[in-house]
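Accompanying notes for the structure given below.
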Amino acid sequence: LGARLAAEIERGLGTLQHLAGGGTMLRLVGWSLAAWLAEGTVFWMAALALPELIAPAAGWLALPVGTLATLIPSTPGYVGTFDYFTVRAMTALGNGQAAATAYAFLVHALLWLPPTVAGGCYFLASHTRLPREKLS
């Protein structure tokens, strides 16, 4: 058991060493910035789509606040924590409570639904089978 654990730790450290390399780390930072910009655009466009929001630029504040709130343990899909903190960020910059709540639900659906549906379709379409345990 100790040898297997040491081998796994060694593999993990090797992976971290590879990722810390200059070129690899720079590419990872670039892809990370691109992903945050794309997600921020979803937050902003959703805010622009709701005419009741008087400060749609608050979507750029809701992005880090709502996303970081998902670090708080909660229900599957971050229902509750994401929504509460997204509403708080939107109202902090002058939007009404009802409009901010509608916005939080809209953004949550836009971020959660497409990957969930795509993953479900892949799961149903894939021919991967779970291994059956041998009956003894």
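The values are calculated or read from the model by the stated rules, or taken from the named source; none is laboratory data. Bear in mind that the values here come from a model prediction, so they are computed numbers and not experimental data. Glycine also receives a Cβ, built like all others from the backbone with ideal geometry; neighbour counts cover every protein chain displayed.
Values for this structure:
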read-out	value
Filtered residues of region 58-83 (kept if touching a helix residue (DSSP H, G or I) at 6+ places or on another chain (Cβ under 7 Å), surrounded by fewer than 17 Cβ atoms within 10 Å (Cβ to Cβ) and either free of Cβ contacts under 8 Å to residues at least 12 places away in the same chain or over 17 Å from Trp36 (Cβ atoms) (or both))	Ile72, Ser74, Gly77
Failed criterion for Leu111 (all others in (1) over 24 Å from Ala35 (Cβ atoms); (2) in contact (Cβ under 8 Å) with a residue 40 or more places away in the chain; (3) buried (at least 17 other Cβ atoms within 10 Å of the Cβ) hold)	(1)
Residue in region 5-17 that is modelled with pLDDT under 95, under 22 Å from the mean Cα position of the chain (by Cα), of a type outside the set (Phe, Trp, Tyr) and surrounded by fewer than 17 Cβ atoms within 10 Å (Cβ to Cβ) present	no
Pick from region 62-93, criterion hydrophobic (A, V, I, L, M, F, W, C) and assigned to a loop (DSSP other than H, G, I, E, B), ranking: nearest to Phe43 (Cα to Cα)	Leu93
Residue within region 104-120 that is part of a helix (DSSP H, G or I), among the aromatic types (Phe, Trp, Tyr) and modelled with pLDDT under 95 present	yes
